[in-house]
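*Asks:* I am attaching a structure below and will ask some questions about it afterwards.
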Amino acid sequence: MKKISGVLSLALSAALCLMGGFSSYAADGGKVSQIGKLTVYSHDSQASGDAAIDYDRALPMPLPQAAIKPSGVAAAARPSGAPGFQPGFRGSVITSGTVTDLSATAGPRAAQSSAQPMEFGLTNIPYTTSRVDWGTNNAFSKTFPYRAAGKLYFNIGSNTYVCSASLIKTGVIVTAAHCVADFGASTFYTNWKYIPALYGTTKPYGTWSTVAAYVMSSYLNGTDPCAQSGVVCQNDVAVLVVKPTFMGYPGKKTGWFGYGWNGYGFNSLNQALIQQLGYPVSHDSGLKMQRTDSQGYVDGAAAGNTVWGSRQTGGSSGGPEVVNLGYVANLNGISVGSDANTNVVVGVTSWGYTDQVYKAQGASPFTSNNIVPLVNAACSAYPKACQ
């Protein structure tokens, strides 16, 4: 991935990281620490206020582009270890699904030259990409499970960029590591702001600041196993901890997704039905949540990443790949299948193909070696964010 200048440099801290545990203070006052194989940047994005974030002219985080070719379905074994799962929570707010004509107006937006549409291509993976809110307001995106996803703003130097993200605990956000840190450069970005269920200029659940960012140290220092360095890697996964307000954490109202690892939701052929949520700037100027439904498969030639068909682009980075999205009907005389827990995130959008003939995207898989220690570390340091 092309490096973007103006990030928080942690070269000295990264060197210490390779030597063992460390704790140091970054130039912006944030604290950088190592916890085992993880690196955490503790900060207070609320301290800088919203002044540093240009919501109207935010740029889509460039979607890392893979030059490798897809190898096909069932090309790799499932990740080692027993599959695991933690349930999500619906949230306490019940909202109406009535559709009314209350379309939101959008302010000026940045140019979208970095966002190129991806249509059905040579991967031959069928998919459907559509707006979550098929009406003219946010009647659906503000209801669970969609409202557990949202848009993520952050700073790279003085510029504002956008990714997608989702809640997997009441106050813990999961997104792509490339939305948090610069691969191999030992740098973190800054000032993350999370807006659940953003719709145009409407923020039904407010804007939330963050206090900590967790990534795998191997991603930060560039030693992560990758099929294409910095693009198709095993650990393009990060978690952020939300700063609570007097009302608590966002998940108390929005709910949160469950998350699964080590092949949860995939069959013996390494296939799963993926529902991808995100805010690609190529769709509705990145102002409305999009949903893609596609078969996904584990690609051994792509560092064991999950690959699926999609039309989403820059800005979709970090959005959740969900299995079993929605609610199970009242069943009469029939049982659900294997790995049937609903609304479970199994990865986050990591990259797309440089060659547009493939028309697909990929994600680092959630495993017991990345998402589990990342969430456990966040919950250990901020237990109330996980209650």
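*Asks:* Out of the residues in the range 278-328 meeting the condition of being among the hydrophobic types (A, V, I, L, M, F, W, C) and part of a loop (DSSP other than H, G, I, E, B), tell me which one is surrounded by the most Cβ atoms within 10 Å (Cβ to Cβ). It would help to see each step written out before you state the result.
*Replies:* From the range 278-328, those among the hydrophobic types (A, V, I, L, M, F, W, C) are 281, 287, 289, 298, 301-303, 307-308, 322-323, 325, 328; that's our starting set.
Next, only the ones that are part of a loop (DSSP other than H, G, I, E, B) stay: 281, 287, 289, 303, 325, 328.
Numbers: 281: 26, 287: 19, 289: 28, 303: 23, 325: 20, 328: 10.
Per the criteria, the residue is 289.
*Asks:* Still on this structure: Which condition number in (1) in a strand (DSSP E or B); (2) of a type in the set (Ser, Thr, Tyr); (3) under 27 Å from residue 82 (Cβ atoms) is the one that residue 268 fails?
*Replies:* In the conditions (1) in a strand (DSSP E or B); (2) of a type in the set (Ser, Thr, Tyr); (3) under 27 Å from residue 82 (Cβ atoms), residue 268 misses (1) alone.
*Asks:* Sticking with this one: Could you please give the count of residues in the range 162-184 that are in contact with a helix residue (DSSP H, G or I) (Cβ under 8 Å, 6 or more places away or on another chain) and over 10 Å from residue 320 (Cβ atoms)?
*Replies:* Count: 10.
*Asks:* On the given criteria, is residue 375 among the aliphatic types (A, V, I, L, M) and either in a helix (DSSP H, G or I) or at pLDDT 95 or above (or both)?
*Replies:* yes
*Asks:* If you don't mind, there's one more thing I want to ask. When the residues of the range 162-209 are filtered to those that are hydroxyl-bearing (Ser, Thr, Tyr) and within 11 Å of residue 238 (Cβ to Cβ), which remaining residue is surrounded by the most Cβ atoms within 10 Å (Cβ to Cβ)?
*Replies:* Applying the first criterion (hydroxyl-bearing (Ser, Thr, Tyr)) to the range 162-209 yields 164, 166, 170, 175, 186-187, 189-190, 194, 199, 201-202, 205, 207, 209.
After this cut, where a residue has to be within 11 Å of residue 238 (Cβ to Cβ) as well, the list is 175, 189.
Details: 175: 29, 189: 23.
Residue satisfying both the conditions and the ranking: 175.
*Asks:* Another one. Note down all Cβ pairs under 9 Å where the first residue falls in the range 360-387 and is closer than 15 Å to residue 168 by Cβ, the second is of a type in the set (Lys, Arg) and buried (at least 24 other Cβ atoms within 10 Å of the Cβ), and they're at least six residues apart or on different chains.
*Replies:* Listed by first residue and then by second, the contacts come to 375/169; 378/169; 379/169; 385/169; 386/169; 387/169.
*Asks:* Any residue in the range 171-185 that's touching a residue at least 12 places away in the same chain (Cβ under 8 Å): show its pairings with residues that are of a type in the set (Lys, Arg) and surrounded by 24 or more Cβ atoms within 10 Å (Cβ to Cβ) at Cβ separation under 9 Å, as long as the two are six or more apart or on different chains.
*Replies:* Nothing qualifies.
*Asks:* Still on this model: Restricting to the range 342-372, and then to whatever is among the β-branched types (Val, Ile, Thr) and modelled with pLDDT under 95, can you tell me which residue is nearest to residue 167 (Cα to Cα)?
*Replies:* Applying the filter and picking the extreme gives 354.
*Asks:* Can you pull out the residues in the range 255-277 that are of a type in the set (A, V, I, L, M, F, W, C), buried (at least 23 other Cβ atoms within 10 Å of the Cβ) and in contact with an Asp or Glu (Cβ under 9 Å, 6 or more places away or on another chain)?
*Replies:* If the condition is that a residue be of a type in the set (A, V, I, L, M, F, W, C), buried (at least 23 other Cβ atoms within 10 Å of the Cβ) and in contact with an Asp or Glu (Cβ under 9 Å, 6 or more places away or on another chain), then 266, 272, 274, 277 are the ones that fit.
*Asks:* Mind checking whether some residue in the range 247-262 is touching a Leu at 6+ places or on another chain (Cβ under 8 Å), at pLDDT 95 or above and assigned to a strand (DSSP E or B)?
*Replies:* Yes, the range 247-262 contains at least one residue that is touching a Leu at 6+ places or on another chain (Cβ under 8 Å), at pLDDT 95 or above and assigned to a strand (DSSP E or B).
*Asks:* Limited to the range 229-243, what total is found for residues that are farther than 12 Å from residue 363 by Cβ and touching a helix residue (DSSP H, G or I) at 6+ places or on another chain (Cβ under 7 Å)?
*Replies:* Summing the residues that are farther than 12 Å from residue 363 by Cβ and touching a helix residue (DSSP H, G or I) at 6+ places or on another chain (Cβ under 7 Å) in the range 229-243 gives 4.
*Asks:* On to the next question. Within the range 298-311, can one find any residue that is without any contact (Cβ under 8 Å) to a residue 60 or more places away in the chain and more than 20 Å from residue 197 (Cβ to Cβ)?
*Replies:* Checking the range 298-311: at least one residue is without any contact (Cβ under 8 Å) to a residue 60 or more places away in the chain and more than 20 Å from residue 197 (Cβ to Cβ).
*Asks:* In addition: Considering the range 346-372 alone, what residues qualify as being assigned to a strand (DSSP E or B) and either surrounded by fewer than 22 Cβ atoms within 10 Å (Cβ to Cβ) or not β-branched (Val, Ile, Thr) (or both)?
*Replies:* Answer for the range 346-372, where residues must be assigned to a strand (DSSP E or B) and either surrounded by fewer than 22 Cβ atoms within 10 Å (Cβ to Cβ) or not β-branched (Val, Ile, Thr) (or both): 347, 350, 351, 352, 353, 360, 361, 362, 363, 364, 365.
The values are calculated or read from the model by the stated rules, or taken from the named source; none is laboratory data. Note that this is a predicted model, so its numbers are computed, not measured. Counting neighbours? That spans all protein chains shown, and the Cβs are built from the backbone with ideal geometry, glycine included.
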